[in-house]
Structures are given as structure tokens and as C-alpha cells.
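Below is one structure, written out as C-alpha cells, with a few remarks after it.
Readers should treat all values here as calculations from the given coordinates under stated rules, not as data from a laboratory. The model shown is predicted, which means the values in this text are computed figures rather than measured ones. Here the Cβ positions follow ideal geometry from the backbone for every residue, glycine too, while neighbour counts run over all protein chains shown.
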């Protein structure tokens, strides 16, 4: 299935032929035994998740379902514009809030928006990670990337203990062709003397609203 | 070998120069110890770390011994998902494919996600020759690019630079290629990161073409994975219209489930974090989200040379985490440039001779650029037996030299083997050392000695031999 | 149990005090020690320099000489590492699968001194006395090839009168590395200098390790600096007793200097 315009099909055949020649005498290795853990025994998953997200210097607030709108209002205080994706539950937004709806804003327009509010698909306690599969309420990838403040609502029901559990839940999204974005804290770099500094190209502030119940 | 590294001196010569650079030694010591400690802390948190390492190695070994099958499956999945797959035997072919793809878009510039594969093939130089600007967007890559420097580390290519040097580079160079650094810039890392954000923002927003590598490529779904920290990767993978990813053929994983192993091993080994800030996964083209013109270039460039041998093949397990560099006592002191490749450190000392061959001076010397201390194996998340591979490569280097005029080393080694091949011969040789011991008995140790022994005694005193070997004592006392 | 001492060529020729100390310790603990005279060398230096073809004869000699014994003890983590970890591979790579099988079969009974004392004999107090300030460097091959762990430290802690101080950065390589010390002498010396600085910072009189090769390197640097720190093999410390001290007023006095 090579693209005929950008190179001879022979490159494909040449690489595969070299691979096959190299493997002619090789001892085939079996698939892995997977003796590692799947679903860590974590006593209080939401507490660990909140602690580990906060470790990345993200803000975490825990609220009851009725408290989401208030928490979001506090998170976006001071932001002069807020964009939301289609499918975001209405009750998560403060009443009367003026929001920009994502109608294929180009990158430059999006860059002028101060904050974004999204939902999420899975949260991982051990690593303090939020995963977006960019389905309804989560928006296309650029939406949660370009604005400088990302307010992310995570439901406790979507939390898992560890990475293998998360991958099990996400296989369906991947198979369906959805992109995934795994987010662990605000954007950061360790490129200067291996010391972590938060806030580079992605949102410099990550504000997580963890919804109980 | 690529153009940049042609004529690189052998490792000991380059190392000698690097060891004399006091600022770099200080920078490297600070940085490697910082990351070493962080890694140790987050690895200690994981109860099943050893099981994960074993699984990581097993996944890679399984893929590598069935690589043709998984490459064809990957191609099929990618094509089904709307991506166009290209194959490249070597660097020149890969560069030609990418240059042609960029030209076809009409764009004069590309933004780049940090990628070892594109560094390896020197894509930036090829793009430049074609009149296309390639903007590196990873902070460390930006520092290297703006400083007209070479990368010296897999994860942190500017590890040899400290904050003061980075500030100077930003102030001097940013203005020439875009948004200048603010006049009052200090050397605070936070301010330096802010300057990079501002400098690159306009480039991200206007770019039409992005070039990336991939940490993993999942055969069953055609999903590519990029693991990063700053968000520059997300910018490149999301905002432009065209995305070209250059992926080494050893990056394939069979299933999505294999990511649950790799995404535990890689961040903890690499940046010493429980998880890196951002991981992006995409499967070909997503309608209405991100690039709609998606290309994947599958790159061999010597990898198949390391594939045949059941032991050498381990080197292709490498997931480019750079944990081995950070714990290596040689790398810590010499830095990355002496390795003459974008892959420095212990894994570079193995990978370069395996994939480039052992014809150049530097590639012949790399297998010897190690004290075989074994810290690299302990840190490696996919259990590559780097010391064993180094020793086997030494054998290859020696065997390739055999048959010509023997070197002093070859004569010495063969002489040693002859003496040690028989206990009587050894005992006769020991009579000589006992005589030396009697002659030198008033000395406690020896200072500077001439000839080949000077390599030892330039900085170290040498021991004097004893008047009586153990063998002589045993025969006298117990024989 | 028939216990054979593998002195190693380097110790036999240059540091006879060390295998003699092993004999002293093992006999004090009631073992009958034999020294098969046909032994020479494990071939490690040849193997690690790339001369596997020359080393394979020594691999075979080792198997021939030591196969009849129940246990083999050597005062060198590095040489034992070569026997256990490299011999079979050298034989295999040289087209000698028969010898590879013999090497694998024999590997398990070859022990570094501290392993033999702690694991096989089950002893940590060997009845030694050594009233000096000592710091211990765990050599790389004991630590990461043999995984001796803290066995040498268990033995040292049981020595009467010893003032054992922790070595900063203990697990970092000293930079010896066999022919690495010559082929990459500058890097080797840079690593060794850092190790020597750590040793000096402890204020120890004696640096102890389980490999005389590493000790020759670090000791050579310390001597050149006139640092006033002696180096001694673990076996010699463990062989020391109150009686020895009455006869000598210097730790590890052997009539010669550093290794």
C-alpha cells in the first residue's frame, strides 16, 4: 500500500526482505507473560488521584455534583473569555456565563481565548493522569491545548487505580479511531539543568474539578 | 555515517578534550545526578517494576522476531485509518520522501517535534538544502539549534549547557529567526521557558506542516504515540494541516495493551516522573480534528543489521529513555559529543556500531568507551544487557582487524594467552616478577614509567611486584 | 566438602597476601583448602578486550581444573563474575557448545569470598580484629554482576574494633575497568579521582574492597596524591587478628605499598 508518488515500491520490498533475511535463523520470542499488576490495591482512589494531580502543581478541588458550576466559576475567575466544546453538560457552567462555542475557530482565534472547560474520559490515580478521548464534552484536541487555562472536570466514576486499568477502559476509544490526550499536570519542561519548570507551550494552568457521588 | 559526524576522532581523543571543559563537567554532573535521584525515587514507588521490565523486554523481543508481520499489519492499519505509508531503506531515501512531501504542500517551513529518528537522518540539513526552514520546538532542541550546537543527550540535547549559557544564546540568536527574547531576560528557568513560549507561539499558529517521530506505533490499530512534556508536541501534532512522522521500524508494538507497560516504564525512566505531562495518540486522520493529510515514513537505516543476532537484537528494544546515559560514569564526565552520534552514552556505544558498522575510527572505539560497570543495565527499563553487547562488539572489532600486521595490543594479548595457557609457563613468567620484586624491595610503589606503562603511571603510582608469588608460597608451605 | 581456592592470576602474581589471607580465614573456619596448581586465569582481560578466541582456551582450562571440586572460592568479584557470567557465552560465540554446557553447569559452585562465607558457610563473624577506621568500596562486578549485596559489609561489621564509615557515592564505578584504565586513561583517571576524593572525605585510614584490580587503581591515585590512605583487600582485613596486631603496628603492613 505504498504511496507510488513518493518513492519506489521497491523500498518497501527491500526493507521487508532485509527483515525476513535477518529473521531467517532467529529464535522466535513468545508474547509477554504479563506478570505485572493490573488494578493496584489503592485504598482511596479519589484521594490518591487528587494528591498525585496536585503533585504536578495543578489545582484540584473536590466537589459534589451540585457544586461543579461554582467550582468552575472560581476556576475561570479573571479569564476574559472561555471556550467550551459541544456536549459539555450545561449544569457544569455557571448560570449566565458568556461562553464561546467551538465553531471551528482557527488557531489564532483560539489563541485569543483565555480558558477552556472540558470533561474527561478516564483519570488514573497512581500517576495523577487525566485522559481525554475528545468525544462529546471534550472537544477537538486544539481546544484543550491553545488556551492558557484548562479547567477539566473529572468524575470519580471515571477514576481507575493504575495505567493498565486505564488502558483497558481506553481500548474502545482507540479502536474507534479517536485520538487520546494523556494529561499529567500543566505543561512543563526539565530541559534546563534537569529541573522541572511548569508552563511552556500547553496550558500553563491546569485546574481539575473532581466530582464525587 | 552521516555528514555531521564524518571524521570524528576516536572516543579517547574526543573524551580528553571534553574532560578539560570544566563548565561542561560541572553542568553534566549536576544534571545527571539530579535526574538520577529523581528516577530512583519514582522507580522505587513501583512494586512490580521488575515484572514491568521483564514484560517490556518480552514485548519488544516478540515484535522484533516477528517484525515483518507487524510492519505489514501496521501499514494496513494506518492505510485503513487514512494515513499514507512510505518506506525508507536509508537516511537519504527518508529525507527525499519528506522533502518531496513538504514541497508538495507549497510550504517553506515546518515545525518539528523532538525526534531522534529525524536527527539520526539529519533531516533538518536536508530540508535546509531544499530551502525549507525547520523549526525545532522542544526547548532543548531549540537551545541546540539556536546555539549552532550539536545534541549531547537523547532526552535533554542541551544538557551540557547551563542556565546562564542558555540565556546568552536566547538573547543573541532569537531575534534573527523570529520573536526576539525580552531585553530584561534573566537566567531563571521559568523566564527562559517563557521566552521560548513567546518565540515559538507565532510559528505554531502559522505552521502548515509538522514533522514528528513516534515513541510507539501500534500495529493492530495504526495508532502512533508521542510522549512529551512541554506541549510543543501537541501543538505540532494538532494545529498544522499536514503531519509527517518518521518512525524507526523497531518502534512497532503489537497491541494497544502493550502501551500499559511502556507508558509505565518510559516516563519514570526518562524524566523521573510518574507520568510525563502530555502523551498524544492518533490513528491516521481524525475528521474535523487535527491534520487531515497524514504521512508515516517507516525507516530502516541500518536497524536490520542488528536484527539477525539473537543477542545483538536486544539493542533494538531501546525506547530512547536515556536512563543509561544518566547513570553512566563515563557519560557523566565526558558528555555526549565524544560519541560522535545523536545516540550517545552506553546505548549509543552499542547502537552506533551495530547500525552504522565498525569501519570508522569513532565506531571502532565506542565499544571500549565503558568501564563495564553495569549501572546501565540496572537502569534500563527493557533490560538491554549493554555490558555484554559491548564486550561482543569488542570481539567484532578485534576479529575484523585480524590477519594484517598485528598491533602491539594483539601481540601482548596473544603473548598473555600463551603464558596463561599453561601453569608451567605462568610459573616461569612469575619467576621474572619475583626477581623484579627482590630488586625493588626497598620501594613501596613506582612513579612515572616509560612507554605503554605511562598510560597507567601518568596519574597513578604502580605497585611493585612481591618477592614471592602465592604459588611459590603454597608450594613451599603446603606442597 | 572439597573447597578449591582460585587465587586468580593477578592475585597470585601481584598480591599473594590476598589468597594467603583466604587460606587463613577458611582454615580458621575449619575448611580444608586445596590450591590446584594447574590453574592460571579466568581469561577476563582477554575477553573484555575483544580477544574471545584467545580466552576460550582459558575457559576450557578453568573447567578442566575445577570440575572435580564441590566449591571454588576466589577473592575477586570480577574474576568470579567472568566465570559465572561470561564463560558460557565466550564458549558459545567461539563455536564450542559442548564447553558452553560445561561452563554453565559449573558456574553455580564458583563463589566470591563474601558469598562463600555468608551463603555457603553461613558465617558473618569470622573472628577477625582490625582496630582501624575503614571505608568499603563495593566493586561493580561484585555489586551488579554477582549481586553480593551487603554481604561484605555484614562481614566487616562483625570485625572487632573496626570503625566502619560509609563511603559517599559508594556504588559508583572507580574507573578501573580492566584495559579501560589504559585505553581510556583520561576518563578512567577522572572517575578514579572522584572516588579518591570520596575516600579522603571519609577520613578513613584504610580503603577496603573485594577486588585488588580496582584497589590498585584507586590506591595508585591515592599514593600519587600522598593521601595517607592505604588500600586492603577484604580478605586481609578478615584474616587479621589480635595476634597479628601485636606483631605489626601498621594496618595491613606487608612490606609493600598500595595495590
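How long are the semi-axes of the equivalent ellipsoid of chain B, defined as square roots of 5 times the Cα gyration tensor eigenvalues? Whole Å, largest first.
47, 26, 21
So if I take the centroid of the Cα atoms in the range C:1-59 and the same for the range B:436-450, what is the distance between those two points in Å?
Taking the Cα centre of the range B:436-450 as reference, the centre of the range C:1-59 is 25 Å away.
Calculate log10 I(q)/I(0) of the range A:44-211 for q = 0.12, 0.18, 0.20, 0.21 Å⁻¹, where I(q) comes from the Debye formula with a single equal point scatterer on each Cα and nothing for solvent.
Taking Cα atoms of the range A:44-211 as identical point scatterers yields -0.50, -1.16, -1.41, -1.52.
Using the alpha-carbon atoms, what tilt in degrees (0 to 90, nearest 10) does helix B:67-80 show relative to the longest principal axis of chain B?
With both axes taken from Cα atoms, the answer is about 10 degrees.
Mean projection of the alpha-carbon convex hull of chain C over all orientations, in nm²?
On the way: hull surface 51.3 nm².
About 12.8 nm², averaged over all directions.
For the range B:300-316, list residues with backbone N below 16 Å from a point placed 7 Å from the Cα of residue B:407 toward its Cβ?
Answer for the range B:300-316: none.
Just the Cα atoms of the range C:133-247: what Rg and Dmax do they give in Å?
In order Rg, Dmax, the Cα atoms of the range C:133-247 give 13.9, 44 Å.
Enter the angle in degrees (range 0 to 90, nearest 10) between the Cα long axis of helix A:163-175 and the first principal axis of the Cα atoms of chain A, meaning the one along which they spread out most.
Between the helix axis and the principal axis of chain A, the angle is about 80 degrees.
Principal axis extents for the range B:275-369, Cα atoms only, whole Å, descending order, please.
In descending order, the Cα extents are 52, 31, 23 Å.
With both partners inside the range C:133-247, how many of the DSSP beta bridges are antiparallel, as a percent to the nearest 5?
0 percent
Just the number, please: percent antiparallel of the DSSP beta bridges in chain B, rounded to the nearest 5.
Bridges in chain B that DSSP calls antiparallel: roughly 35 percent.
When N counts the residues of the range B:353-479, how does its alpha-carbon radius of gyration compare numerically with 2.2 N^0.38 Å, as a ratio?
1.42
Grab the DSSP H runs of chain A that are 4 residues or longer, score each as -39,500 (n - 2.57), total them, divide by all residues and round the 222 nm result to the nearest 500 deg cm²/dmol.
After summing the helix terms and dividing by the residues of chain A, the value is -7500 deg cm²/dmol.
From other protein chains only, count the Cβ atoms within 10 Å of every residue's Cβ in B:419-429, then give the mean.
Taking all residues of B:419-429 together, the mean is 5.
Taking the Cβ-Cβ separation of residue A:97 and residue B:198 as r and a Förster radius of 35 Å, what is the calculated FRET efficiency to the nearest 0.05?
Approximately 0.75, to the nearest 0.05.
How large is log10 of I(q)/I(0) for the range B:85-238 at q = 0.14, 0.19, 0.20 Å⁻¹ when the intensity is taken from the Debye formula with one equal scatterer per alpha-carbon?
-0.71, -1.26, -1.38
What FRET efficiency, computed as 1/(1 + (r/R0)^6) with R0 = 41 Å and r the Cβ-Cβ distance, is obtained for residue B:172 and residue B:100, rounded to the nearest 0.05?
0.75
I want to verify a result. In a Gaussian network model of chain C, Cα cutoff 10 Å, which of these has the top mean-square fluctuation: C:219, C:122, C:192?
C:122
Using a Förster distance of 22 angstrom, determine the FRET efficiency expected from the C-beta separation of residue A:108 and residue B:129, and round it to 0.05.
Plugging the Cβ-Cβ distance into 1/(1 + (r/R0)^6) gives 0.10.
Find the all-direction average of the projected area of the Cα convex hull for the range C:3-120, expressing the result in square nanometres with one decimal place.
Approximately 6.7 nm², given one-decimal rounding.
Normalise the Debye intensity by I(0) for the range A:76-171, one equal point scatterer per Cα, no solvent, then take log10 at q = 0.19, 0.23, 0.24 Å⁻¹ and round to two decimals.
-0.89, -1.14, -1.20
Taking the 0 to 90 degree range and rounding to the nearest ten, how far is the long axis of helix B:386-401 tilted relative to the main principal axis of chain B, both from C-alpha atoms?
The helix B:386-401 is inclined about 70 degrees to chain B.
May I ask what percent, to the nearest 5, of DSSP beta bridges between residues of the protein assembly as shown are antiparallel?
Antiparallel: roughly 25 percent of the beta bridges in the protein assembly as shown.
Expressed in nm to one decimal, what extension gain is obtained for the pair residue C:70 and residue C:105 from 0.36 nm per residue of sequence separation less their Cα-Cα distance?
The residue C:70-residue C:105 span can extend by a further 11.4 nm.
Could you sort the peptides A:121-131, B:238-248, B:61-71 by per-residue average Cβ neighbour count (10 Å cutoff), highest mean leading?
Numbers: A:121-131: 26.0, B:238-248: 24.2, B:61-71: 21.3.
So the peptides A:121-131, B:238-248, B:61-71, ranked by packing, come out A:121-131, B:238-248, B:61-71.
Among B:42-51, B:349-358, how do they line up from the highest to the lowest mean number of other beta-carbon atoms within 10 Å? Walk me through the intermediate numbers first.
Details: B:42-51: 15.1, B:349-358: 25.0.
In descending order of packing, they fall as B:349-358, B:42-51.
Output the direction-averaged projected area (hull surface divided by four) of the convex hull of the alpha-carbon atoms of the protein assembly as shown, in nm².
39.6 nm²
Averaged over its residues, how many other protein chain Cβ atoms are within 10 Å of peptide B:252-264's Cβ atoms?
That average works out to 5.
Tell me what chain C gives for mean residue ellipticity at 222 nm when only DSSP H runs of n ≥ 4 count, each as -39,500 (n - 2.57), the sum divided by the residue total, rounded to 500 deg cm²/dmol.
-12500 deg cm²/dmol
Under a point spin-label approximation (7 Å from Cα along Cα-to-Cβ), what is the residue A:195-residue B:476 distance to one decimal in nm?
Each label point is offset 7 Å from its Cα along the Cβ direction, giving 6.2 nm.
In nanometres, what is the gap between the two model label sites at residue B:444 and residue A:55, each 7 Å from Cα along Cα-to-Cβ?
Calculated label separation equals 5.2 nm.
Which of rounded, prolate, oblate describes the range B:408-478, given a ≥ b ≥ c as roots of the alpha-carbon gyration tensor eigenvalues and a/c under 1.5 marking rounded, otherwise prolate only if a/b is larger than b/c?
It is oblate, given that a/c is not under 1.5 and a/b is not larger than b/c.
Enter the mean number of other protein chain beta carbons within 10 Å of the beta carbon of each residue in B:391-401, as an integer.
5
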